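Every number in this text was worked out from the coordinates using simple rules, so none of it is lab data. Since the structure is predicted, the reported quantities are computational estimates derived from the model, not experimental observations. Positions of Cβ are generated from backbone atoms using ideal geometry, with glycine treated the same way; all protein chains shown enter the neighbour counts.
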């Protein structure tokens, strides 16, 4: 995802809480793998079951708990959830442009505050 694409994702919705949303996630919990595959393909990724597991986890977490307060909080949550597979390293292998920025965008969940800080959730 290029910097211009990041800016577009952040400004595609009027309401900051809708940034990057695929749908009203508080109404729908199931994963729309077709839409996520389309977004991933735009970003040069071919989704596997491992990708979908992370993406569905992000969507379900958003539905149940609302938006993450920060990129740091979401990074820690994902690292703990996938610790047995390698934590952050595993997530960066799946989402090379960052497990927060890239995975949240593909999953269609709002990007948490601090996501576009190039030292968090993205590779520059």
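Residue ranges 59-66, 98-105, 42-49 sort as 98-105, 59-66, 42-49 when ordered by packing (mean number of other C-beta atoms within 10 Å per residue, highest first). Segment residue 85..residue 48, full-extension length gain: 11.8 nm, with 0.36 nm per residue of separation and the alpha-carbon distance subtracted.
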